[in-house]
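Q: I have a structure here, written as structure tokens, and I will follow up with some questions on it.
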Amino acid sequence: MNAEQFNALYEVGVPVLAYPGFRPEDVPDTRRLVTRTRTKAQPAGLDREGVVWVDGHGAYIALTHVDVVSEDEWEAARTAGAEAAKAKAAEEAADRRRRIYIDGKGDGWIDLTVDPETGERELTGITNTWKIASADEVRNDTGGLQEIGRCW
């Protein structure tokens, strides 16, 4: 479907399931957004494939990666996503292993402590053990922080 056809069928704000990277039939664990369109569809690229912007995502998504759904389907998907996120958060909280990170400059970090009330992590440098900082401080100072493993 091209942009003109999409716009003739759907208004801005229509509920959709959007797949920014791959469709689930191509990559089963792909990320799915339960969202709404925030613009009209527009042609893009040499083949004039249609694209649309959606709430909660900063780039356009090809119409081939957007499925329009009913309000009931959208609400069910949103509810299921929230429940899955809660379950994952509970599983993460129960995992007592120390996290190992790499920051935006390539330096390694490991958990020292986790505040039980806020969940904020205090980290120490792997090569410079005298360095101690919160995860947020490391992320802000180095431009990133990515978990790369866990250990006991």
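The values are calculated or read from the model by the stated rules, or taken from the named source; none is laboratory data. Just so it is clear, the model here is predicted, and its values are computed rather than measured. Ideal geometry is used to build each Cβ from the backbone, glycine not excepted, and the neighbour counts take in all protein chains shown. Just the protein is used for accessible areas: all its heavy atoms, side chains included, with ligands, DNA and RNA removed. Shrake-Rupley method; radii C 1.70, N 1.55, O 1.52, S 1.80 Å.
Q: Evaluate the relative contact order of segment 1-49 (contact order divided by residue number), counting alpha-carbon pairs under 8 angstrom at least 6 apart; express in whole percent.
A: It comes to 46 percent, rounded to a whole number.
Q: Related question: Using a 10 Å cut-off on Cβ atoms, rank the peptides 63-69, 104-110 from the highest mean neighbour count down.
A: Averaged packing, sorted descending, gives the order 63-69, 104-110.
Q: Counting only helical runs of four or more DSSP H residues, what would the 222 nm mean residue ellipticity of the chain come to if each run contributes -39,500 (n - 2.57) and the total is spread over all its residues?
A: Helix-only estimate at 222 nm: -8000 deg cm²/dmol.
Q: What distance in nm lies between label points placed 7 Å from Cα along the C-beta direction at Lys131 and Gln146?
A: 1.7
Q: Reachable lysines from Lys86, Cα under 17 Å, same-chain residues fewer than 8 places away excluded?
A: The reachable lysines, counting only those whose Cα sits under 17 Å from Lys86, number zero.
Q: Moving on to the next point. Carbon-plus-sulfur fraction of the accessible area of segment 27-152, 1.4 Å probe, in percent?
A: The C+S portion of the solvent-accessible surface of segment 27-152 is 51 percent.
Q: Would you be so kind as to identify which of Tyr101, Val16, Ala41 lies farthest towards the positive end of the dipole of the chain, taking Lys and Arg as +1 and Asp and Glu as -1 on Cβ and the Cα centre as origin?
A: So the residue we want is Tyr101.
Q: Charges only on Cβ, +1 for Lys and Arg, -1 for Asp and Glu: so what's the dipole of segment 1-150 about the Cα centre, in debye to the nearest 20?
A: That gives a dipole near 340 debye.
Q: By how many degrees, between 0 and 90 and to the nearest 10, does the Cα long axis of helix 71-94 differ from the longest principal axis of the chain?
A: 10
Q: Let me make sure I get this right: for segment 84-124, a, b and c are the square roots of the gyration tensor eigenvalues over alpha carbons, sorted descending. Under 1.5 in a/c it's rounded, otherwise prolate if a/b > b/c, else oblate. Which is it?
A: Note, shape of segment 84-124 comes out prolate.
Q: Positive end of the dipole of the chain, charges at C-beta (+1 Lys, Arg; -1 Asp, Glu), about the Cα centre: which of Gly119, Leu145, Trp53 has its Cα farthest in that direction?
A: Leu145
Q: While we're here: What whole-number distance in Å separates the alpha-carbon centres of segment 1-50 and segment 100-152?
A: After rounding, the separation between the Cα centres reads 37 Å.
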